[in-house]
Amino acid sequence: MRGPGAVPRRLGGWSELRRPADGRVLAGVSPVVAANLGVNALATRVAFVVLSFCGGLGIFLYLAGWLLVPAEGEAVPILRAAMADKRTVALTAAAASMLGALVLAGEALGLPGPLAALVPGVEALAMLVAVWRHAGREDRVSAQRFAALLSAGGTAAPTRRRLVVTAARLLAGLALVAIGISTLLAPKHLNHTDITVAMAAVGVIAGVSLVLAPWWFRLGRDLAAERRERARAQERAEMAAHLHDSVLQTLALIQRSASDPQQVQRLARAQERQLRTWLFDQGASRSPGAAGEALTLAQALEAVQQEVERDHGLRAEVVTVGDAVLDEGLRALVSAAREAVVNAAKWSGADMVSVYAEVEPGTVSVFVRDKGSGFDPAAVAGDRKGLSESVLGRTRRHGGTAAVRSAPGKGTEVALSMPYRRAS
Amino acid sequence: MSGHGTSPTSGAPLKVFLVDDHQLFRAGVRHELSATGLVEIVGEAGDVAGAVAQVPQLAPDVVLVDVHMPDGGGPEVVRQVLATCPASRFLALSVSDAAEDVIEAIRAGARGYVTKTISTEELLEALRMVADGDAVFSPRLAGFVLDAFAAAPGPATVHLDPELDQLTGREREVLRLIARGYAYKEVARELYISVKTVETHVSAVLRKLQLSNRHQLTRWAMERRLVPPGNY
């Protein structure tokens with residue numbers, strides 16, 4: 001046997017043919033053919049594309065290659081696996097017959113050309129079903145790309161090919177629409193049966209779909225990708241904010257109390273416990289400020305007060321007007337408020353901080369104020385993430401507003417507010 | 001303090017009477033306040049009976065009274081002394097912050113309430129203000145009042161006096177800033193009004209708090225019983 005990287009290769013017999021895992025555009029059929037015939041893989045690919053316009057012959061041959069030649073690392077070709085599975089056979093037959101029926105119905109109604117071009121579509125569909133159900137992971141991706149290419153929405157295909165396919169698809173779609181509309185409008189068809197009219201209408205719809213489907217598909221896919229990306233970015237920011245709040249804070253505390261081994265041990269143990277809870281108890285509250293059992297805003301702020309007074313030796317006066325059951329936004333608000341209090345403990349030099357929370361219809365506001373040294377908000381170093389990320393950024397990411405009022409010598413007030421819908 | 005130069009008592013030391021069942025706490029307060037030279041502790045009592053017996057004779061400027069004591073606590077002291085000596089002025093001092101007790105002390109007639117964690121300077125300022133007849137609202141008391149008066153009056157309260165049972169917009173603004181930790185001076189600057197005006201608003205709120213007929217006030221305070229800090 002040859003090494004896995006030996007592509008292209010000289011092959012002794014058909015049974016030894018394998019579609020390579022790398023160097024493939026779709027399913028790796030072209031490299032196999034090219035290696036066997038001793039020609040360039042690109043030439044083979046061009047040949048397949050050209051043949052595709054001869055009644056879909058290229059597509060048929062390509063799919064046949066896909067089904068008959070096993071992928072690298074596989075013992076049997078997809079076709080054999082597919083034939084052994086009754087459900088695949090049934091599914092394939094069903095899909096093929098459905099498409100075939102549509103084509104025949106079109107022929108019977110005297111709609112020429114475009115519908116006849118669906119014959120290779122029937123083959124392609126049947127073969128793709130087989131591939132889909134029995135291919136390995138690599139081939140599944142390829143099948144997806146192949147299907148996308150057939151609908152001209154594929155991004156992997158070379159530009160020129162995509163242009164040609166797109167043009168063909170547009171022509172076919174517009175022709176369908178034109179035929180459908182003319183069938184509907186032509187006076188000589190007025191006495192036709194309802195079925196004719198329905199078929200014409202279906203034709204119009206199919207035509208429009210054919211023209212627009214790739215665009216819909218692409219649009220949906222882009223939206224999904226964007227949403228995923230945004231969710232990932234948000235997750236990363238949350239994670240960074242959490243690590244800043246918990247681990248970095250603890251490390252700073254440990255540095256400060258390096259001379260007291262017991263204190264260091266206590267801090268490290270507490271941090272370890274907390275991090276464990278956060279990492280492995282995903283169901284529980286993720287905010288370090290709110291103790292796991294805090295259910296309402298007042299309880300969570302009470303927990304923040306106790307925690308800050310214990311860890312930072314800062315007196316916190318917490319006043320809550322009204323109360324609200326914590327939701328995601330309010331948890332973020334509490335975490336941000338907690339971080340603002342910790343900031344005051346670390347930087348302001350004040351021995352006391354006031355926390356005021358008020359629940360109003362639709363909004364919850366929290367004010368964190370100290371009468372300490374204050375600072376110039378415009379001159380905060382960029383790597384001091386506490387204020388910009390953990391307080392302001394976190395609140396805004398959850399749809400709230402946040403502002404800092406401070407000046408050197410004038411103390412600091414952080415004002416946070418979060419939209420809130422009372423669950424009643 | 002610049003906003004308070006008009007105080008009639010600013011010359012002589014303030015005469016203060018201490019009521020607290022913790023002897024150690026009384027000693028601490030006595031020491032701290034005496035050290036300022038601005039306060040004279042004219043007497044102290046460890047229970048309700050002792051306070052009720054001594055205060056009318058000593059006629060202090062302010063009675064500093066702990067909210068939590070056996071036999072009815074601070075509110076009982078305030079009620080009984082006011083019955084015989086209506087000119088007395090009381091500042092309530094509390095450690096637990098239970099709304100129920102604080103509101104009760106205010107309703108009994110105390111002119112203000114501060115927490116035991118208050119700094120000596122702040123306590124001195126609060127005593128002066130009460131001696132002058134002003135009201136002293138800590139952030140927490142401001143929060144309590146906002147909370148208690150925020151609840152929309154239900155059908156059962158229509159017969160009540162709207163003058164007494166609602167806060168004006170300005171009073172609300174003042175209370176909010178106090179709850180956020182602003183001193184009266186800072187409230188005045190924030191709202192572009194004089195300190196005297198702030199004091200007027202706060203006194204008006206105190207009066208409403210003491211005279212309001214809202215029976216829900218008590219019920220609200222009961223429901224709002226907070227978990228005392230320290231049992232972490």
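Ignore the peptide's own chain and count Cβ atoms of other chains within 10 Å of each Cβ in A:314-323; give me the average, rounded. Let's see the in-between values first.
Details: counts 0, 3, 1, 10, 6, 14, 7, 12, 5, 2.
Mean shielding count: 6.
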Amide H partners (placed H, <5 Å) of A:THR320, local residues excluded: A:ALA357
Charge sum, other residues only, whose C-beta stays under 11 Å from B:VAL198's C-beta, Lys/Arg counted +1 and Asp/Glu -1: -2
Gap separating the Cα centres of the stretch A:307-367 and the stretch A:395-424, nearest whole Å: 10
Computed over the stretch A:294-424, the ratio Rg/Rh where both radii use C-alpha atoms and Rh is Kirkwood: 0.95
Shape parameters for the stretch B:12-133, alpha-carbon atoms, Rg then Dmax in Å: 12.6, 36
Cα centroid separation, the stretch A:217-251 to the stretch B:36-109 (Å): 57
Of A:LYS371/B:LYS15; A:LYS346/B:LYS185; A:LYS346/B:LYS15; A:LYS346/B:LYS208; B:LYS185/B:LYS208, pairs whose Cα-Cα distance is over 32 Å: A:LYS346/B:LYS15; A:LYS346/B:LYS208
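How do A:TRP347, A:TRP66 rank by accessible surface area computed with a 1.4 Å probe, from largest to smallest?
A:TRP347, A:TRP66
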Amide hydrogen neighbours beyond the local backbone of B:GLU40, cut-off 5 Å, H modeled: B:LEU14, B:LYS15, B:VAL16
Area hidden from solvent between A and B (accessible, protein heavy atoms only, 1.4 Å, total, Å²): 1900
The stretch B:12-133, accessible area per residue, ligands and nucleic acids excluded (1.4 Å, Å²): 39
Accessible surface ranking that places the most exposed of B:TYR192, B:TYR184, B:TYR113 first, with a 1.4 angstrom probe: B:TYR192, B:TYR184, B:TYR113
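Counting only DSSP beta bridges with both residues in the stretch A:294-424, what percent are antiparallel, rounded to the nearest 5?
Values: 23 of 30 bridges.
Roughly 75 percent of the beta bridges in the stretch A:294-424 run antiparallel, per DSSP.
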Residues in the stretch B:164-185 that, when all protein chains are in place, have 30 Å² or more less accessible area than the chain alone would give (probe 1.4 Å): B:ARG176, B:ALA179, B:ARG180, B:GLY181, B:TYR182
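The values are calculated or read from the model by the stated rules, or taken from the named source; none is laboratory data. Treat the numbers as computed from the prediction; the structure is a model and nothing was measured. Note that we place each Cβ from the backbone using ideal geometry, even for glycine, and neighbour counts take in every protein chain shown. SASA here: full protein model, heavy atoms, side chains in, ligands and nucleic acids out. Shrake-Rupley method; radii C 1.70, N 1.55, O 1.52, S 1.80 Å.
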